[in-house]
Amino acid sequence: MTSKSRSVVREYVEAALWALVITLFLRAFVIQAFRIPSESMKDTLLVGDFLFVNKFEYGPKIPFTHIRLPGLRHPKRGDVIVFQFPGDPSKDYIKRCIATGGETLEIRNKQVSVDGVALNEPYTIHTDPAVKPAGYDYRDNYGPFTVPAGEFFMMGDNRDNSNDSRYWGTLNMDLVKGRAIFLYWSWDGDKNWPRWNRLLHLIQ
């Protein structure tokens, strides 16, 4: 191999290494791809939706540590958040933040209220018209419950089919990965066809 050929190979290797470093940096501190695995956020997010998660907004965590860098703001009510499941941090979940630390949440006959004010939630769906009585199941009647400081109460938009804070408790900031921002791809597994109308769809 000539010196010129070695120089070209070296340039390609260096370019590939730099591309890898930049990709890892962006994934760790700025943005990460995520795929929707379940129907718990239907109709906001569907199984087969692929989205980007903004890690920078809340402050990214340094990999393999519990150290979080400063962010632009804290999570607030209405944010759709990707996080490590408290029961098994190796699994990622995605839910909507319904109440933050210090707020008191209550659910009565499927209606959610925070600090005594009923929430208007046009993004939710209810697939089961039946109301499960208080004391029998937490799905339709819950609380009142005051969210501890630094914690978040998370719920799926598909309210009758979501494993969320009603069952496993609140989410600590340490487990938050970032805010879901927009879809970049959506695949309908039943039809084996892309959902073209959902591409580049902003998540709200």
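The values are calculated or read from the model by the stated rules, or taken from the named source; none is laboratory data. All of these numbers come straight from a predicted model, not from anything done at the bench. Note: ideal-geometry Cβ built from the backbone for every residue, glycine included; neighbour counts use all protein chains shown.
The set of residues in the stretch 159-172 that are crowded, with 18+ Cβ neighbours inside 10 Å and farther than 15 Å from residue 77 by Cβ comprises 159, 162, 166. State whether one or more residues within the stretch 182-202 are within 24 Å of residue 73 (Cα to Cα), crowded, with 18+ Cβ neighbours inside 10 Å, in contact (Cβ under 8 Å) with a residue 12 or more places away in the chain and within 18 Å of the chain's Cα centre (by Cα). The answer is yes, given that some residue of the stretch 182-202 is within 24 Å of residue 73 (Cα to Cα), crowded, with 18+ Cβ neighbours inside 10 Å, in contact (Cβ under 8 Å) with a residue 12 or more places away in the chain and within 18 Å of the chain's Cα centre (by Cα).
Checking the stated criteria, residue 176 turns out to be under 13 Å from the mean Cα position of the chain (by Cα) and crowded, with 20+ Cβ neighbours inside 10 Å. Looking across the stretch 79-122, the residues that are touching a residue at least 60 places away in the same chain (Cβ under 8 Å), farther than 15 Å from residue 169 by Cβ and not acidic (Asp, Glu) come down to 80, 81, 82, 94, 96.
Listed by first and then second residue, the pairs with beta-carbon distance under 9 Å, at least 6 apart or on different chains, first residue in the stretch 163-176 and at negative phi, second among the aliphatic types (A, V, I, L, M) and part of a loop (DSSP other than H, G, I, E, B), are 165/147; 170/147. Considering the stretch 89-124, and only residues there that are under 21 Å from the mean Cα position of the chain (by Cα) and more than 15 Å from residue 78 (Cα to Cα), the residue that is surrounded by the fewest Cβ atoms within 10 Å (Cβ to Cβ) turns out to be 90. Entry remark, the stretch 43-55: residues being out of contact with any Gly (no Cβ under 6 Å at 6 or more places or on another chain), of a type outside the set (Val, Ile, Thr) and either surrounded by 20 or more Cβ atoms within 10 Å (Cβ to Cβ) or farther than 18 Å from residue 191 by Cβ (or both) number 4 in total. The residue of the stretch 125-158 that is surrounded by the most Cβ atoms within 10 Å (Cβ to Cβ), among those that are among the hydroxyl-bearing types (Ser, Thr, Tyr) and in contact (Cβ under 8 Å) with a residue 12 or more places away in the chain, is 142.
If you go through the stretch 74-90 one residue at a time, do you hit one that is at pLDDT 95 or above and basic (Lys, Arg)? There is at least one residue in the stretch 74-90 that is at pLDDT 95 or above and basic (Lys, Arg).
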